[in-house]
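Worksheet for the structure shown next.
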Amino acid sequence: MIVDLSMPLGEETPVYPGDPEVKVRPWTFIDTDGYYMNVIKMGEHSGTHVDAPAHFVPGGKTIDEMPLDRFFGKAFVVDVGGREGPVELEEIPDSGYFGKIVLFITGGRELSPEVALFLVAEGVKAVGTDGPSIGDENVHTILLSSEVPVFENLVNLEMLLGREFTFIAFPLKIEGGSGSPVRAVAILEE
């Protein structure tokens, strides 16, 4: 079974405050041009997307420089929603992260720097959140300095609680990109 973890990209897609809005405009029409196509205008971090190290780390790898194996792998979900303030260490499991992708149900909360440091030390492959941001500048810098990709604006994570699955979310190969929209999915064993 495949679970879609991506929000639709369109003019109603919420964007981080100050980021460009998503615009989708028809460019050609079948009846007049013989084919249909749209023009899309948006920031790299629109909708469900991934942050590359260059987003916060001077000289960090851009999205086109990241190894593709960082965008898929065995994954699990941690639910830390229902509270206030940053997500703290005592709220997350104390092991099981090495080489895995961990996705957080946060209800809009952000990770604390201590959680980010712990995840890096534990050898996490990538992290993701249902929120528009995994955390503040410090959290991003901690994760991205270690080339841990950050997936944001994931949806349907509650369908994956208590299950291991394969996570796949490849970015567009944007030259010099600080990130990219992704089509994130979870593949569950039947």
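The values are calculated or read from the model by the stated rules, or taken from the named source; none is laboratory data. Quick caveat, the model's predicted, so the values are computed rather than measured. Cβ atoms come from the backbone with ideal geometry, glycine included; neighbour counts cover every protein chain shown. The protein model used for the area step is the full one, side chains on, heavy atoms only, and it has no ligands, DNA or RNA in it. Shrake-Rupley method; radii C 1.70, N 1.55, O 1.52, S 1.80 Å.
Calculate log10 I(q)/I(0) of the stretch 5-92 for q = 0.20, 0.24 Å⁻¹, where I(q) comes from the Debye formula with a single equal point scatterer on each Cα and nothing for solvent.
Rounded to two decimals, the profile gives -1.19, -1.19.
Per 0.36 nm of contour for each residue apart, how much would the distance between LEU161 and GLU189 grow if the chain were fully extended, relative to their Cα-Cα spacing?
Stretched out fully, the LEU161 to GLU189 stretch lengthens by 8.7 nm.
With just the Cα atoms of the chain, tell me how far they stretch along each of the three principal axes, in Å, largest first.
That works out to 60, 43, 32 Å along the principal axes.
For the stretch 53-117, which trypsin sites (Lys or Arg not before Pro) are in a loop by DSSP, counting at most 13 other Cβ atoms within 10 Å?
When the trypsin sites (Lys or Arg not before Pro) of the stretch 53-117 are filtered for loop state and at most 13 Cβ neighbours within 10 Å, ARG83 remain.
Sequence gap at least 6, Cα distance under 8 Å: using those rules, report the relative contact order of the chain to the nearest whole percent.
31 percent
Across the stretch 18-69, what fraction of all alpha-carbon pairs, as a whole percent, falls in each successive 10 Å bin from zero upward?
20, 31, 26, 17, 5
Calculate the length of the line joining the C-alpha centroid of the stretch 1-41 to that of the stretch 112-190, in whole Å.
23 Å
Averaging the inverse of every distinct alpha carbon separation and then flipping it gives the Kirkwood radius. What is it for the stretch 61-143, in angstrom units?
13.1 Å
At 7 Å along the Cα-to-beta-carbon direction for both GLU84 and MET1, put a label point, then send me their distance in nm to one decimal.
The answer from the label model is 3.6 nm.
With a 1.4 Å probe and every protein chain kept in, tell me what percent of the accessible surface of the stretch 125-173 is carbon plus sulfur.
For the stretch 125-173, the apolar C and S fraction of the accessible surface comes to 50 percent.
Express in Å², to the nearest 10, the accessible area of GLU158 obtained by rolling a 1.4 Å probe over the protein heavy atoms while all chains stay in place.
Roughly 110 Å² of GLU158 is accessible to a 1.4 Å probe.
If I build a Gaussian network model for the chain, linking alpha-carbon pairs within less than 10 angstrom, which residue out of MET66, MET159, MET42 has the largest mean-square fluctuation?
In the Gaussian network model the winner is MET159.
Sum -39500 (n - 2.57) across every DSSP H segment of at least 4 residues in the chain, then divide by the residue count to get the 222 nm mean residue ellipticity, nearest 500.
Computed ellipticity for the chain at 222 nm equals -3000 deg cm²/dmol.
Scan the chain and hand back the longest stretch that contains none of the chymotrypsin sites (Phe, Trp or Tyr not before Pro) lying in DSSP loops with at most 10 other Cβ atoms within 10 Å.
By the stated rule (loop sites, at most 10 other Cβ atoms within 10 Å), 99-190.
Name the residue, out of GLU175, GLU88, GLU114, whose mean-square fluctuation peaks in a Gaussian network model built on the chain with Cα pairs under 10 Å.
Maximum fluctuation in the GNM of the chain, among the listed residues, is at GLU175.
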